[in-house]
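Everything below concerns the one structure shown next.
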Amino acid sequence: MEEQYYGRIQIKLASLIAANHISKNKLSHRAEMQRTQINQYCKNEVTRLDTAVLARLCTALNCRIEDLLEFVPGDKNA
């Protein structure tokens, strides 16, 4: 059976941080998160998204969930 690629979720935290001219340290205080956790989200190294963390980030950055996450479809020919 062929393995199917369904796509992926892209976390756009790094670009939101830059657009909001906020440091990771300041965001970590506002969102009450560890800076290492913010780095993982910035590098898309998170394997399971935590809805509470996403809510904190959206609140701290005054953004919507669709500003933070993007679905990147898989290649149907792959």
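The values are calculated or read from the model by the stated rules, or taken from the named source; none is laboratory data. The structure displayed is predicted, hence computed values, not measured ones. The accessibility values were calculated without ligands, DNA or RNA, using every heavy atom of the protein model including side chains. Shrake-Rupley method; radii C 1.70, N 1.55, O 1.52, S 1.80 Å.
Some points to look at:
- Here the alpha carbons of the chain define both size measures, Rg and Dmax, at 14.2, 48 Å.
- Theoretical ellipticity at 222 nm over the chain - DSSP helices of four or more residues, -39500 (n - 2.57) apiece, nearest 500: -12500 deg cm²/dmol
- With one equal scatterer per alpha carbon and no solvent term, the Debye-computed log10 I(q)/I(0) for region 30-72 at 0.27, 0.33 1/Å reads -1.14, -1.44.
- Segment THR47-SER15, length gained on full extension (0.36 nm per residue, minus Cα span): 9.6 nm
- The HN-Hα couplings worked out from phi for region 35-50 by the Karplus form 6.51 cos²θ - 1.76 cosθ + 1.60 (θ = phi - 60°) are 5, 4, 5, 4, 4, 4, 5, 5, 8, 6, 9, 8, 8, 10, 7, 9 Hz, whole numbers, x standing for Gly and Pro.
- As a length-normalised measure over Cα pairs under 8 Å and 6 or more apart, the relative contact order of the chain settles at 54 percent.
- Accessible area of HIS29 in the full protein assembly, 1.4 Å probe (Å², nearest 10): 150
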